[in-house]
Amino acid sequence: MSQQANGGSVSVDPQEVGKFARMAERWWDPEGEMKPLHAMNPTRIAFLRDCLTARFGGDATGVRPLSGLRLLDAGCGGGLLSEPLARLGAEMTGLDPSPETIKAAKAHAERQGLAIDYRCQSVEALAETDASFDAVLAMEVVEHVSDLTGFLDACARLVRPGGLCVVATINRTPKSFLLAKVGAEYLLRWLPPGTHDWRRFVRPSEVAAELRPSGFTVKEVVGVSFDPKSGGWRLSSNTAVNYILVAEKP
């Protein structure tokens with residue numbers, strides 16, 4: 001059930017917020033609970049850099065290829081995505097409903113000398129303002145919200161005309177249940193047991209259906225697959241487990 005705040009439906013799930021708030025101080029530990037995100041991050045950042053420069057212009061091989069772009073990291077956590085994108089030149093805003101997590105994100109960014117606008121706020125509340133962004137990034141967050149429709153509607157409203165909404169999450173398939181739930185949490189112990197609820201995993205078609213009423217067109221869906229040989233992650237055509245969806249606003 002969604003809550004009400006600031007005049008809008010809020011998709012924040014207090015249990016999920018509490019779960020990640022307890023990890024706040026260990027968010028930047030590459031061997032801690034966020035180890036899978038640390039491992040996945042280089043692939044995510046490279047994809048976003050190439051995607052954003054292809055859409056808005058800029059030299060993907062340059063030092064600050066995202067200069068001039070205003071990006072929103074919706075559900076930013078401790079800032080694993082926001083910080084690298086800020087280093088690439090983007091003007092970053094990071095939202096998270098957990099005060100503990102935002103505090104940790106601000107402290108880490110300050111130590112790195114990075115100016116990131118971190119806010120303890122819901123996307124619905126921000127969408128009630130006149131804020132707009134070249135791209136809204138909802139990476140590994142939609143599987144944790146209580147109201148997918150409300151969350152993605154707010155994200156859509158925050159994208160400027162001609163901008164992008166990028167969603168990364170876990171597909172709801174038998175393979176994802178075996179690998180992302182049973183394997184990652186109970187066998188390999190990459191994540192604490194109970195981190196994910198398989199019933200909340202979201203199919204690409206469901207993300208597309210939620211964005212379509214706002215006029216978005218899906219431009220790309222790409223898989224993100226674990227490579228057991230290298231121990232790293234890579235882009236692939238296999239979207240059965242992890243995937244990234246890019247949609248464009250007219």
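What are the extents of the Cα atoms of region 3-248 along their three principal axes, listed from largest to smallest and rounded to whole Å?
Ordered largest first, region 3-248 gives principal extents of 45, 44, 39 Å.
Between THR129 and LYS229, what's the calculated FRET efficiency when r is the beta-carbon distance and R0 is 51 Å? Round to 0.05.
0.60
Label-point separation (nm) for GLU220 and GLU110, each offset 7 Å from Cα along Cα-to-Cβ?
3.7
Using Cα pairs under 8 angstrom and six or more residues apart, how large is the relative contact order of the chain, in percent?
Taking the mean separation of contacting Cα pairs over the length of the chain, I get 18 percent.
Please compute the net charge surrounding ALA54, taking Lys and Arg as +1 and Asp and Glu as -1 over other residues with Cβ under 12 Å from its Cβ.
Summing Lys/Arg as +1 and Asp/Glu as -1 gives -1.
Just to confirm a number: summing +1 for Lys and Arg and -1 for Asp and Glu over residues other than LYS249 whose beta-carbon lies under 13 angstrom from that of LYS249, what do you get?
Computed value for this residue: +2.
Whole Å is fine, so just give me how far the alpha carbon centre of region 119-147 lies from that of region 8-38.
Distance between centres, Cα-based: 16 Å.
How big is region 84-170 on each of its three principal axes, counting only the C-alpha atoms and giving the largest first in Å?
Ordered largest first, region 84-170 gives principal extents of 36, 28, 28 Å.
Give me the one-decimal nm value for the distance between modelled label points at ARG212 and TRP198, 7 Å along each residue's Cα-to-Cβ direction.
The answer from the label model is 2.7 nm.
Rounded, prolate or oblate: which fits region 59-127 when a ≥ b ≥ c are the square roots of the eigenvalues of the alpha-carbon gyration tensor, with rounded for a/c under 1.5 and prolate only if a/b beats b/c?
oblate
For a Förster distance of 35 Å, can you work out the FRET efficiency between the beta-carbons of GLN15 and PHE56, rounded to the nearest 0.05?
Working from the Cβ atoms, E equals 0.40.
Counting DSSP beta bridges with both partners in region 3-248, what percentage is antiparallel, nearest 5?
Just about 55 percent of them are antiparallel.
So, R0 is 22 Å and r is the distance between the beta-carbons of ARG87 and ASP29; what FRET efficiency does that work out to, to 0.05?
FRET efficiency, ARG87 to ASP29: 0.65.
With the contact rule set at Cα under 8 Å and sequence spacing of 6 or more, what percent relative contact order holds for region 41-91?
39
Suppose every K and R has +1 on its Cβ and every D and E has -1 on its Cβ; what is the size of the dipole of the chain about the Cα centre, in Debye to the nearest 20?
560
Each reported figure results from applying straightforward, stated rules to the coordinates on display, with no laboratory input. Because the structure is predicted, anything quoted here is derived from the model rather than measured. All Cβ positions, even for glycine, are placed from backbone atoms using ideal geometry, and neighbour counts span all protein chains on display.
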